[in-house]
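Reading through the structure tokens given below for one structure.
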Amino acid sequence: MKRLLINGWNYVLLLTNGVMAAKYWLLGYVLFILIPAAVLLVMHTQRSSHILEEEVTNTMLQTLKQASINLDFQFDSVRDTSNTLFMNPKLAEYLNRKATIDQQLESLKELRILVDSAETNTNVFRVRLFVNGDRMFTGERVNFFTQESLKNWPWYEKVMNSGGAIVWSGAYLESFIDQGPAYIFSAARMLRDLHEYDQISGVLLIDVSEKTITDILNKIKLTKDGNIYLIADDGQMISNQDKSLLGKKMMEGDPLSTIALHDEGVVRLLDDKNPRFAIYTKVASTGWKLVAEVPQSEISSRAVALNQFSGVATISTVTILFLLLVFILLAMIVRNMNRRIQTVIRTIKRGGIESLDDRTFNAGGDFKLLENSVDHLIHRVHGLMEETYQSKVQEREAQLRALQAQINPHFLYNTLDTINWIAIGHNAPEISNMINGLAKYFRLSLNKGRDLVSVTDELNLAKVYLEIQQNRFPKSFEVYFDIEEGLDDLEMPKLTLQPIVENALLHGIRRSKGKTGTILVGARKEDGALVLSVTDDGIGMDEELVQSLLTQPRPSMKSDGSGSSYGLYNVNERIKLFAGDHYGLCIHSTLGEGTTVTVRIAYKEVAS
């Protein structure tokens, strides 16, 4: 037992001496490996948190944009009601200064029916007409008022200077004889006497209950403590849950100027007591900005929660690897030192100290192994960091796509079906055909979220798109299809053909002198590949533009279909990602004669 304790103590002393002898190695290991690796881990964690923070705010922005679309729908409905009243001839007869009492009474009968019908719109709270005091029923003060009573209204001068265009007021408190006080928005426009056009004969107000807007805003659940409101470009509060803030300017300085200059984005609001983000998007129908103020702490906590598990796992794995390597290095150093000492002792015993000069020590063997181990570990750490970074980005992209996919396409189809029946009820077959075509287009383009579609579905999508455009531009172009048989069982990336036929129509035929022409769409198998072609006899392109279309991204197309976007660069890149660099688009064009775009792609059989 005593001998065992002595051997153990000697081993501890040997280990201590080995560590002391290797202190410079350990110091170099700490300075050149452990510290840089720790810095890289910290930088990686901070970068991942920053990326996740951006993804969280972008996800919130997408939710806010959907709410903006809902607001646009409400405001557009009110605008249509205002246009209907504005264009009604009975209103013009009533406003005519020279109209007799009998003429006024006659026009008022139908005008009253029209007003009552407008107020059945769920988005319309009240229709009010402010006219000259000599008109009948101006003292009614339910739907008809004197124009004089409106002159103290804050937006009156702006309405008078708008030339008959709609001016949207912010939310304000109005007292109604039959319903009491209520917060409302108003779509106001100036009315002229059509017989004496230089004379202003009144103001038309279509009132919207502020509750209609706040109900939409209250459904937006971004964070627990966030605040959502509407502001004008000058910072004036348009709508807010806190009614005392209405009409006041909420922001000054750089954040306001940034929000005013851009349609959407994310801005940091610098406030030491309450740091937060302002996520905003534009409401197209009014020009207002829908703003959500979100505390920075909530966004950071979401990012931390998303990053927590993976970050802990990564750091734990790397830490274990480092600790393991430390013990391996220490064991190797102690073993190497012990072996060298034993070699020296044996050499001295055999031949004396002079024989040490004749001894060739393998000084680099163990240290070379150490260098290789450290190098392998550094490469492993870099690999782990890159894998973690990529997995984080892919995870956030998947989450974003999942959120976007939550938009139920059945709502869109049902809405289009409702509009279709309304068109049929109004005996408007052209509108019905357009709605049916648009429904088919959306059904084919959404494709239940799949990225691959059959060749038949892709051709049908192009056909539906061209049918819609033929209704839009009647007798302006003809379409012919040359489709080889036997393509039904093949599939390809979705939305490959439609951007090309859109380009042929909008940038080829519609820009030609006569704005008429012919489009030929072909599909066939050739040398084991699927070949699609779109030919138009439009204006064509010069060689320089043709060369740049597939090598340079184009700016976005405007909403009216104009602009410089051709969409071909993105289609070409998608095909190369799908099938490889040997496939893609080929463009042949002659200025003044037309263009042919050929798509060559490796096809796949449709899964049964």
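The values are calculated or read from the model by the stated rules, or taken from the named source; none is laboratory data. This one's a predicted model, so the numbers in the text were calculated from it and none came from an experiment. Glycine also receives a Cβ, built like all others from the backbone with ideal geometry; neighbour counts cover every protein chain displayed.
Pairs needed: first member in the stretch 515-537, under 18 Å from residue 488 (Cβ atoms); second member anywhere, loosely packed, with under 15 Cβ neighbours inside 10 Å and acidic (Asp, Glu); C-beta distance under 7 Å; at least 6 residues apart or different chains.
522/482; 523/484; 524/484; 525/484
Every residue in the stretch 155-178 that is assigned to a loop (DSSP other than H, G, I, E, B) and either among the acidic types (Asp, Glu) or over 16 Å from residue 239 (Cα atoms) (or both), please.
First, pick out the residues of the stretch 155-178 that are assigned to a loop (DSSP other than H, G, I, E, B): 155, 161-166, 169-171, 177-178.
Result: 161, 162, 163, 164, 165, 166, 177, 178.
Matching residues to (1) touching a residue at least 60 places away in the same chain (Cβ under 8 Å); (2) not in a strand (DSSP E or B):
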position: 200; (1), (2): no, no
position: 206; (1), (2): yes, no
position: 212; (1), (2): yes, yes
position: 220; (1), (2): yes, yes
position: 224; (1), (2): yes, yes
position: 234; (1), (2): no, yes
position: 237; (1), (2): yes, no
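Out of all the residues in the stretch 523-546, which are in a loop (DSSP other than H, G, I, E, B), among the acidic types (Asp, Glu) and within 16 Å of residue 568 (Cβ to Cβ)?
Restricting attention to the stretch 523-546, the residues satisfying the condition of being in a loop (DSSP other than H, G, I, E, B) are 527-528, 537-542.
So of that shortlist, the ones also among the acidic types (Asp, Glu) come out as 527, 537, 542.
Listed by number, the list holds a single entry, 542.
Answer yes if at least one residue in the stretch 197-211 is of a type outside the set (D, E, K, R), buried (at least 18 other Cβ atoms within 10 Å of the Cβ) and on the phi > 0 side of the Ramachandran plot, and no otherwise.
yes
Just give me the residues in the stretch 239-250 being in a helix (DSSP H, G or I) and under 14 Å from residue 182 (Cβ atoms), in sequence order. Steps first, please.
Here is the first cut: in the stretch 239-250, the residues in a helix (DSSP H, G or I) are 243-245.
Of everything in the stretch 239-250, just one residue is in a helix (DSSP H, G or I) and under 14 Å from residue 182 (Cβ atoms), namely 243.
Filter the stretch 31-55 for residues that are β-branched (Val, Ile, Thr) and either modelled with pLDDT under 70 or not assigned by TED's automatic domain parsing to the domain that holds residue 317 (or both); which is farthest from residue 279 (Cα to Cα)? Talk me through it step by step, then tell me what you get.
As a first pass, look at the stretch 31-55 and keep what is β-branched (Val, Ile, Thr): 33, 35, 39, 42, 45, 51.
Of the ones still in play, those that are also either modelled with pLDDT under 70 or not assigned by TED's automatic domain parsing to the domain that holds residue 317 (or both) are 33, 45.
Numbers: 33: 42, 45: 25 Å.
Among those residues, the one meeting the criterion is 33.
Limited to the stretch 95-117, what total is found for residues that are in a helix (DSSP H, G or I), of a type outside the set (A, V, I, L, M, F, W, C) and either at pLDDT 80 or above or surrounded by fewer than 17 Cβ atoms within 10 Å (Cβ to Cβ) (or both)? I'd like the intermediate steps shown before the answer.
Filtering the stretch 95-117 down to residues in a helix (DSSP H, G or I) leaves 95, 101-117.
Next, from what is left, pick out any that are of a type outside the set (A, V, I, L, M, F, W, C): 102-104, 106-107, 109-110, 112, 116-117.
From what is left, the residues that are either at pLDDT 80 or above or surrounded by fewer than 17 Cβ atoms within 10 Å (Cβ to Cβ) (or both) are 102-103, 106-107, 109-110, 112, 116-117.
The qualifying residues number 9.
Residues 482, 489: which one is in contact with a Gly (Cβ under 9 Å, 6 or more places away or on another chain) and of a type in the set (D, E, K, R)? Walk me through how you get there before you give the answer.
Values: 489 fails: in contact with a Gly (Cβ under 9 Å, 6 or more places away or on another chain).
Testing whether each residue is in contact with a Gly (Cβ under 9 Å, 6 or more places away or on another chain) and of a type in the set (D, E, K, R) leaves just 482.
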